[in-house]
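**Q** Below is the structure I would like to discuss, written out as structure tokens.
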Amino acid sequence: MRLTKSTDIALRIAMRLAVTSGGAETTAPTTREVAAAVGVPYTHAAKVVSRMTHLGVVETRRGRGGGLALTTLGLTGSVGRLVRALEGSGDVVGCEDDPPCPLRGACRLRGALRDAQEAFFAALDPITVQDLVRQPTGPVLLSLTARPEDGPDPHP
């Protein structure tokens, strides 16, 4: 199973925010700064941050002193729960695509793949973002410096 690009970006952003929240940095990073630090385009990061905010994982603050912060749910909630929410509940294969698979009425593969997908998510259930940023990952994440290329971020 391969995660969507959006889920990959969301996990990277969550990890970056986990090491900046409540740490030595005095200001919350902006979306543009986090996007640059984790190596993703600002437009993609902005969409992902919006989704993460909707899920209650990220908090955004506008204006002076604003920026992004990981919520308690984002820090201590299950990575499996977050990945499920971001990936959705769709099947691994497109049995009902156009044209539909001719085996779909008698196929055992679909159920086996669904079970494998759930086992994948279940393996992530006991893990939190806080777990993901423990040594040696946290210091590496802190060393990633944001290099905004387009000037100040108009949105946090």
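The values are calculated or read from the model by the stated rules, or taken from the named source; none is laboratory data. From a predicted model like this one, the values you see are computed outputs, not experimental measurements. Note that each Cβ is placed from the backbone with ideal geometry, even for glycine, and that neighbours are counted across all protein chains shown. Heads up: the accessible areas ignore ligands, DNA and RNA and are worked out on the full protein's heavy atoms, side chains in. Shrake-Rupley method; radii C 1.70, N 1.55, O 1.52, S 1.80 Å.
**Q** In what sequence, largest accessible area first, do VAL133, VAL93 appear using a 1.4 Å probe?
**A** Per-residue accessible area, sorted high to low, gives VAL93, VAL133.
**Q** Quick one: 3J(HN,Hα) in Hz for the stretch 33-44, Karplus 6.51/-1.76/1.60 with θ = phi - 60°, rounded, Gly and Pro as x.
**A** So the J values, rounded to whole Hz, are 5, 5, 4, 5, 5, 9, x, 10, x, 4, 4, 5.
**Q** Scan the chain and report its longest stretch carrying no GluC sites (Glu not before Pro) that are both in a DSSP loop and have at most 13 other Cβ atoms within 10 Å.
**A** Value returned for the longest uninterrupted segment is 26-95.
**Q** For a quick check: with amide H placed at 1.01 Å from N, whose amide H comes under 5 Å from THR128's, ignoring anything fewer than 5 positions away on the same chain?
**A** VAL79
**Q** Roughly speaking, to the nearest percent, how much of the chain's 1.4 Å accessible area is carbon and sulfur?
**A** Result for the chain: 56 percent of the exposed heavy-atom area is carbon or sulfur.
**Q** Here's another thing I want to ask about it. What does the convex hull of the alpha-carbon atoms of the stretch 25-74 project to on average, in nm²?
**A** 3.5
**Q** So what are the stretch 96-143's ellipsoid semi-axes, whole angstrom, largest first, if each one is the square root of 5 times an eigenvalue of the alpha-carbon gyration tensor?
**A** Calculated on Cα positions only, the semi-axes equal 39, 13, 6 Å.
**Q** Continuing with this model, one more query. If you work out Rg/Rh (Cα atoms, Kirkwood Rh) from the coordinates, which of [x] 1.06; [y] 1.08; [z] 1.04 do you get?
**A** The listed entry that was calculated here is [x].
**Q** Would you compute, from DSSP H runs of 4+ residues alone, the mean residue ellipticity of the chain at 222 nm, taking -39500 (n - 2.57) per run and dividing by the full residue count, rounded to the nearest 500?
**A** -14500 deg cm²/dmol
**Q** Starting from the amide H of VAL57, placed 1.01 Å from N in the peptide plane, find each other amide H under 5 Å away whose residue is 5 or more places distant or on another chain.
**A** none
**Q** Short version: ³J(HN,Hα) in whole Hz for each residue of the stretch 107-113, in order, from phi by Karplus 6.51 cos²θ - 1.76 cosθ + 1.60 (θ = phi - 60°), x for Gly and Pro, what are they?
**A** These are the phi-based 3J(HN,Hα) values: 8, 9, 5, 4, x, 5, 5 Hz.
**Q** Follow-up. Show SER78, SER50 ordered by accessible area, largest first, where the area counts protein heavy atoms only and the probe is 1.4 Å.
**A** SER50, SER78
**Q** Order the following by accessible area, largest value first: LYS5, LYS47. Probe radius 1.4 Å; ligands, DNA and RNA are ignored.
**A** LYS47, LYS5
**Q** Now for a different question. Please work out how much length the chain gains when fully extended from LEU109 to VAL92, using 0.36 nm per residue of separation minus the C-alpha to C-alpha distance, in nm with one decimal.
**A** 5.1 nm
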